[in-house]
Amino acid sequence: MGVAGMAAGPVAAHGNVFTGEGAHAPIWASQILFVAAWFGYLFGAIRKRPEPLRRALFHMAMLVAGIALFGPFDDMAGSSTAWHMVQHMLLITVVAPLAVLARPLPQWRACAGPAVDVVWRAAQRLTRRPMACALLHAAAIWTWHAPGPYMAAVLSNGWHVLEHASFLFTGWLFWWSVLRPGMAGAIQATLALLFTVMHTGLLGALLTFAPAVLYAGESRELWDQQLAGLVMWIPGGAVYLLAAAWVGFGWLGNRESRPDSSRPDHSGSPT
(Lines give C-alpha, C1' and ligand atoms only; values in the text may rest on other atoms or scores of the structure.)
Protein backbone atom coordinates (compact mmCIF):
# COMPACT_ATOMS: atom_id res chain seq x y z
CA MET A 1 0.00 0.00 0.00
CA GLY A 2 1.33 3.43 -0.97
CA VAL A 3 0.55 5.02 2.36
CA ALA A 4 2.24 2.19 4.23
CA GLY A 5 5.31 2.65 2.07
CA MET A 6 5.47 6.35 2.88
CA ALA A 7 5.22 5.45 6.55
CA ALA A 8 8.33 3.30 6.52
CA GLY A 9 10.53 6.03 7.99
CA PRO A 10 10.10 7.88 11.25
CA VAL A 11 7.08 10.15 11.36
CA ALA A 12 7.22 13.48 13.11
CA ALA A 13 4.43 15.97 13.63
CA HIS A 14 1.79 16.34 10.96
CA GLY A 15 3.15 19.58 9.56
CA ASN A 16 6.71 18.31 8.92
CA VAL A 17 5.93 15.91 6.08
CA PHE A 18 5.01 18.33 3.29
CA THR A 19 7.33 21.24 2.60
CA GLY A 20 5.77 22.49 -0.63
CA GLU A 21 3.64 25.59 -0.99
CA GLY A 22 0.20 25.19 0.52
CA ALA A 23 1.17 22.30 2.78
CA HIS A 24 -0.15 24.09 5.86
CA ALA A 25 -3.24 25.56 4.22
CA PRO A 26 -5.64 22.93 5.69
CA ILE A 27 -4.34 23.64 9.21
CA TRP A 28 -4.68 27.39 8.73
CA ALA A 29 -8.19 26.93 7.32
CA SER A 30 -9.22 24.82 10.31
CA GLN A 31 -7.85 27.44 12.70
CA ILE A 32 -9.79 30.18 10.91
CA LEU A 33 -13.00 28.13 11.05
CA PHE A 34 -12.41 27.40 14.73
CA VAL A 35 -12.00 31.09 15.57
CA ALA A 36 -14.97 32.01 13.35
CA ALA A 37 -17.20 29.47 15.12
CA TRP A 38 -16.22 30.79 18.54
CA PHE A 39 -16.56 34.48 17.68
CA GLY A 40 -19.75 33.77 15.73
CA TYR A 41 -21.23 32.29 18.89
CA LEU A 42 -20.10 35.29 20.97
CA PHE A 43 -21.66 37.78 18.55
CA GLY A 44 -24.82 35.68 18.26
CA ALA A 45 -25.09 35.48 22.04
CA ILE A 46 -25.42 39.28 22.15
CA ARG A 47 -28.59 39.08 20.05
CA LYS A 48 -29.93 35.83 21.49
CA ARG A 49 -28.70 35.28 24.99
CA PRO A 50 -28.17 31.62 25.93
CA GLU A 51 -28.77 30.17 29.34
CA PRO A 52 -25.67 30.52 31.56
CA LEU A 53 -25.15 26.76 31.78
CA ARG A 54 -25.33 26.31 28.02
CA ARG A 55 -22.94 29.22 27.52
CA ALA A 56 -20.47 27.59 29.91
CA LEU A 57 -20.82 24.22 28.18
CA PHE A 58 -20.10 25.77 24.79
CA HIS A 59 -16.97 27.55 25.98
CA MET A 60 -15.84 24.35 27.68
CA ALA A 61 -16.32 22.42 24.43
CA MET A 62 -14.35 24.99 22.44
CA LEU A 63 -11.58 25.11 25.02
CA VAL A 64 -11.15 21.33 25.00
CA ALA A 65 -11.27 21.32 21.19
CA GLY A 66 -8.60 24.01 21.00
CA ILE A 67 -6.32 22.11 23.38
CA ALA A 68 -6.82 18.83 21.50
CA LEU A 69 -6.45 20.17 17.97
CA PHE A 70 -3.75 22.82 18.13
CA GLY A 71 -0.35 23.27 19.70
CA PRO A 72 1.82 20.76 21.59
CA PHE A 73 -0.99 18.25 22.11
CA ASP A 74 -1.41 17.82 18.36
CA ASP A 75 2.35 17.47 17.92
CA MET A 76 2.44 14.66 20.48
CA ALA A 77 -0.51 12.99 18.75
CA GLY A 78 1.51 12.93 15.54
CA SER A 79 4.19 10.67 16.98
CA SER A 80 2.32 8.51 19.49
CA THR A 81 -0.66 6.24 18.92
CA ALA A 82 -1.73 6.60 22.56
CA TRP A 83 -1.74 10.40 22.44
CA HIS A 84 -3.46 10.26 19.05
CA MET A 85 -6.21 8.14 20.57
CA VAL A 86 -6.58 10.53 23.50
CA GLN A 87 -7.04 13.30 20.94
CA HIS A 88 -9.70 11.31 19.09
CA MET A 89 -11.59 10.42 22.26
CA LEU A 90 -11.57 14.04 23.45
CA LEU A 91 -13.22 15.07 20.20
CA ILE A 92 -15.72 12.20 20.15
CA THR A 93 -16.67 11.77 23.81
CA VAL A 94 -16.06 15.24 25.29
CA VAL A 95 -16.26 18.01 22.68
CA ALA A 96 -19.16 16.58 20.65
CA PRO A 97 -21.54 15.88 23.58
CA LEU A 98 -20.70 19.19 25.25
CA ALA A 99 -21.52 20.98 22.00
CA VAL A 100 -24.86 19.16 21.81
CA LEU A 101 -25.77 20.04 25.39
CA ALA A 102 -24.75 23.67 24.78
CA ARG A 103 -27.21 23.99 21.85
CA PRO A 104 -25.22 26.72 20.01
CA LEU A 105 -27.27 26.73 16.79
CA PRO A 106 -29.61 29.59 17.85
CA GLN A 107 -26.59 31.81 18.54
CA TRP A 108 -24.91 30.90 15.25
CA ARG A 109 -28.18 31.60 13.46
CA ALA A 110 -28.44 34.98 15.16
CA CYS A 111 -24.97 35.77 13.81
CA ALA A 112 -25.05 34.14 10.37
CA GLY A 113 -28.74 34.52 9.56
CA PRO A 114 -31.12 32.03 7.95
CA ALA A 115 -28.26 30.31 6.08
CA VAL A 116 -27.76 28.14 9.18
CA ASP A 117 -31.33 26.83 8.82
CA VAL A 118 -30.32 24.54 5.95
CA VAL A 119 -27.86 22.67 8.17
CA TRP A 120 -30.24 22.82 11.12
CA ARG A 121 -33.19 21.24 9.32
CA ALA A 122 -31.07 18.54 7.66
CA ALA A 123 -29.51 17.64 11.01
CA GLN A 124 -32.90 17.53 12.72
CA ARG A 125 -34.23 15.08 10.15
CA LEU A 126 -31.23 12.78 10.49
CA THR A 127 -31.07 12.89 14.28
CA ARG A 128 -34.58 11.47 14.52
CA ARG A 129 -32.90 8.14 13.70
CA PRO A 130 -30.36 7.42 16.48
CA MET A 131 -29.23 4.11 15.00
CA ALA A 132 -28.58 5.70 11.60
CA CYS A 133 -26.45 8.35 13.30
CA ALA A 134 -24.65 5.63 15.29
CA LEU A 135 -23.86 3.73 12.09
CA LEU A 136 -22.59 6.89 10.39
CA HIS A 137 -20.40 7.66 13.40
CA ALA A 138 -19.16 4.05 13.50
CA ALA A 139 -18.21 4.25 9.83
CA ALA A 140 -16.10 7.33 10.52
CA ILE A 141 -14.40 5.74 13.55
CA TRP A 142 -13.56 2.45 11.84
CA THR A 143 -12.49 4.07 8.57
CA TRP A 144 -10.03 6.44 10.19
CA HIS A 145 -8.60 3.75 12.47
CA ALA A 146 -7.84 1.42 9.57
CA PRO A 147 -4.07 1.49 8.93
CA GLY A 148 -4.22 3.17 5.50
CA PRO A 149 -6.50 6.13 6.30
CA TYR A 150 -4.97 6.47 9.76
CA MET A 151 -1.44 6.91 8.41
CA ALA A 152 -2.72 9.15 5.61
CA ALA A 153 -4.04 11.47 8.32
CA VAL A 154 -0.69 11.32 10.13
CA LEU A 155 1.27 12.15 6.98
CA SER A 156 -1.00 14.73 5.34
CA ASN A 157 -2.40 17.92 6.81
CA GLY A 158 -5.37 17.74 4.46
CA TRP A 159 -6.37 14.22 5.50
CA HIS A 160 -5.59 15.13 9.10
CA VAL A 161 -8.11 17.98 9.08
CA LEU A 162 -10.70 15.87 7.24
CA GLU A 163 -10.31 13.10 9.85
CA HIS A 164 -11.01 15.44 12.73
CA ALA A 165 -13.87 17.16 10.89
CA SER A 166 -15.56 13.80 10.26
CA PHE A 167 -15.17 12.80 13.92
CA LEU A 168 -16.68 16.08 15.10
CA PHE A 169 -19.51 16.17 12.57
CA THR A 170 -20.63 12.55 12.93
CA GLY A 171 -20.05 12.73 16.68
CA TRP A 172 -22.23 15.84 16.89
CA LEU A 173 -25.03 14.11 14.97
CA PHE A 174 -24.68 10.96 17.08
CA TRP A 175 -24.78 12.73 20.43
CA TRP A 176 -27.63 14.98 19.29
CA SER A 177 -29.66 11.91 18.37
CA VAL A 178 -29.06 10.11 21.69
CA LEU A 179 -29.03 12.98 24.21
CA ARG A 180 -32.12 14.77 22.90
CA PRO A 181 -34.32 11.94 21.61
CA GLY A 182 -37.56 12.71 23.45
CA MET A 183 -39.71 10.01 24.98
CA ALA A 184 -40.48 8.34 21.67
CA GLY A 185 -36.82 7.85 20.75
CA ALA A 186 -35.33 6.99 24.14
CA ILE A 187 -35.24 3.25 23.52
CA GLN A 188 -33.61 3.69 20.11
CA ALA A 189 -31.11 6.12 21.65
CA THR A 190 -30.19 3.62 24.36
CA LEU A 191 -29.71 0.88 21.78
CA ALA A 192 -27.55 3.20 19.66
CA LEU A 193 -25.36 3.94 22.67
CA LEU A 194 -25.01 0.26 23.54
CA PHE A 195 -24.13 -0.50 19.92
CA THR A 196 -21.42 2.17 20.11
CA VAL A 197 -20.08 0.67 23.34
CA MET A 198 -19.75 -2.69 21.60
CA HIS A 199 -18.08 -1.59 18.37
CA THR A 200 -15.64 0.85 20.00
CA GLY A 201 -14.85 -1.82 22.59
CA LEU A 202 -14.12 -4.27 19.79
CA LEU A 203 -11.81 -1.79 18.07
CA GLY A 204 -10.09 -1.05 21.37
CA ALA A 205 -9.61 -4.77 21.99
CA LEU A 206 -8.15 -5.27 18.51
CA LEU A 207 -5.59 -2.54 19.15
CA THR A 208 -4.83 -3.84 22.65
CA PHE A 209 -4.30 -7.48 21.71
CA ALA A 210 -2.78 -7.08 18.24
CA PRO A 211 0.49 -9.06 18.14
CA ALA A 212 2.28 -6.40 16.07
CA VAL A 213 2.22 -2.66 15.45
CA LEU A 214 -0.59 -1.84 13.00
CA TYR A 215 0.35 1.75 12.21
CA ALA A 216 3.80 1.35 10.69
CA GLY A 217 6.07 4.31 11.23
CA GLU A 218 4.13 5.94 14.06
CA SER A 219 4.34 3.70 17.11
CA ARG A 220 7.86 2.91 18.16
CA GLU A 221 6.68 0.38 20.72
CA LEU A 222 3.83 -2.12 20.80
CA TRP A 223 2.90 -0.92 24.28
CA ASP A 224 2.02 2.50 22.82
CA GLN A 225 -0.57 0.91 20.55
CA GLN A 226 -1.86 -1.26 23.40
CA LEU A 227 -2.31 1.83 25.56
CA ALA A 228 -4.23 3.48 22.72
CA GLY A 229 -6.57 0.51 22.59
CA LEU A 230 -7.16 0.71 26.33
CA VAL A 231 -7.95 4.43 26.06
CA MET A 232 -10.71 3.70 23.56
CA TRP A 233 -11.88 0.56 25.31
CA ILE A 234 -12.16 1.62 28.96
CA PRO A 235 -12.57 5.41 29.38
CA GLY A 236 -14.33 5.72 26.03
CA GLY A 237 -16.65 2.83 26.75
CA ALA A 238 -17.42 4.24 30.19
CA VAL A 239 -18.68 7.49 28.65
CA TYR A 240 -21.08 5.65 26.34
CA LEU A 241 -22.29 3.39 29.16
CA LEU A 242 -22.94 6.35 31.45
CA ALA A 243 -24.84 8.10 28.67
CA ALA A 244 -26.90 4.95 28.03
CA ALA A 245 -27.73 4.70 31.73
CA TRP A 246 -28.68 8.39 31.85
CA VAL A 247 -30.97 8.13 28.83
CA GLY A 248 -32.46 4.82 29.95
CA PHE A 249 -33.16 5.86 33.55
CA GLY A 250 -34.48 9.21 32.32
CA TRP A 251 -36.93 7.39 30.10
CA LEU A 252 -38.03 5.13 32.95
CA GLY A 253 -38.42 8.10 35.28
CA ASN A 254 -40.53 10.03 32.79
CA ARG A 255 -42.62 6.96 32.12
CA GLU A 256 -43.32 6.47 35.82
CA SER A 257 -44.15 10.14 36.35
CA ARG A 258 -46.67 10.39 33.52
CA PRO A 259 -50.21 11.01 34.78
CA ASP A 260 -52.62 8.12 34.76
CA SER A 261 -54.74 9.94 32.19
CA SER A 262 -52.00 9.46 29.60
CA ARG A 263 -52.23 5.69 29.97
CA PRO A 264 -54.85 3.51 28.31
CA ASP A 265 -58.13 3.48 30.19
CA HIS A 266 -59.24 -0.06 30.95
CA SER A 267 -61.93 0.92 33.42
CA GLY A 268 -64.65 -0.26 31.06
CA SER A 269 -63.06 -3.61 30.44
CA PRO A 270 -64.80 -6.66 31.79
CA THR A 271 -63.29 -8.09 34.94
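The values are calculated or read from the model by the stated rules, or taken from the named source; none is laboratory data. Predicted model, so just to flag it, every value in this text is computed and none were measured. Every residue, glycine as well, gets a Cβ built from its backbone with ideal geometry; the counts of neighbours run over all protein chains shown.
Before moving on, here are some points about what is shown:
- For the stretch 220-235, the set of residues classified as of a type in the set (D, E, K, R), surrounded by fewer than 17 Cβ atoms within 10 Å (Cβ to Cβ) and either closer than 23 Å to PHE195 by Cα or in contact (Cβ under 8 Å) with a residue 60 or more places away in the chain (or both) is empty.
- Candidates are the residues of the stretch 104-124 that are within 21 Å of the chain's Cα centre (by Cα) and small (Gly, Ala, Ser); the one that is farthest from LEU173 (Cα to Cα) is ALA122.
- Candidates ALA245, ALA212, ALA238, ALA216, filtered to the one that is under 21 Å from LEU155 (Cβ atoms) and free of Cβ contacts under 8 Å to residues at least 12 places away in the same chain: ALA212
- Verdict on ALA189 being assigned to a helix (DSSP H, G or I), surrounded by fewer than 23 Cβ atoms within 10 Å (Cβ to Cβ) and either charged (D, E, K, R) or more than 13 Å from the chain's Cα centre (by Cα) (or both): no
- Residue match in the stretch 21-28 (condition: among the small types (Gly, Ala, Ser), assigned to a helix (DSSP H, G or I) and modelled with pLDDT of 85 or more): no
- Scanning the stretch 130-148 for residues that are over 21 Å from GLN225 (Cα atoms) and in contact with a helix residue (DSSP H, G or I) (Cβ under 7 Å, 6 or more places away or on another chain) turns up PRO130, MET131, ALA132, CYS133, ALA134, LEU136, HIS137.
- Checking each residue of the stretch 162-182 against the condition of being farther than 18 Å from ALA96 by Cβ and of a type outside the set (Asp, Glu) gives at least one match.
- Helices (runs of 4 or more DSSP H) within the stretch 103-152 that include 1 or more residues closer than 20 Å to HIS164 by Cβ, of a type outside the set (S, T, N, Q) and in contact (Cβ under 8 Å) with a residue 60 or more places away in the chain: 105-112, 130-144
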